[in-house]
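The values are calculated or read from the model by the stated rules, or taken from the named source; none is laboratory data. Bear in mind the structure is a predicted one, so any value in this text is a computation, not a measurement. Here the Cβ is made from the backbone with ideal geometry for all residues, glycine too, and neighbour counts use every protein chain on show.
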Amino acid sequence: MTLAGGGHPHDDRERGVPHLPVADLHHDRVGSGGPLGELAIVSAALTAMRGRPTAATLADVPFLSNFERAIGLTDQYPYAEITDYLAVKRTMEKQVFETLPYFDVVIFSERAHGTALFSTGLMDTVAPPSTVFAT
């Protein structure tokens, strides 16, 4: 996969630039590795919403989905931030769980079209597998 400018997505790692999702504008593919798999899904959804669905999406260990299930399964961050917040703001639980779905990657996955390949770590405590399956 190459960047729109002709470079390879891994070239930026040597320069200390974080590896962000890459859209291959010539072949309509979106991919992301590491902890940014959810951004590949968002990219595919936004591309589809602009009338150009992707042919393929690679979402490597996407997280930030199914928040309520995730905080019930793991006490790892970033999900622990929700429980930390609610420990201080006990009266905000209803509002928090009404607001979080707006940031759930599942909403974007419903809008993406085309073939997708997802990966997950079966023992992953940061992105529990069942939350990846939700996308």
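One table, with the values for the structure above:
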| item | result |
| --- | --- |
| Identity of the residue in the stretch 65-97, touching a residue at least 60 places away in the same chain (Cβ under 8 Å) and outside any helix (DSSP H, G or I), that ends up surrounded by the fewest Cβ atoms within 10 Å (Cβ to Cβ) | Asn66 |
| Members of the stretch 76-123 that are at pLDDT 90 or above and either acidic (Asp, Glu) or in contact with a strand residue (DSSP E or B) (Cβ under 8 Å, 6 or more places away or on another chain) (or both) | Glu81, Asp84, Glu93, Glu98 |
| Residue in the stretch 66-76 that is under 30 Å from Arg52 (Cβ atoms) and either of a type outside the set (Val, Ile, Thr) or outside the structural domain of Pro53 (by TED's automatic domain parsing) (or both) present | yes |
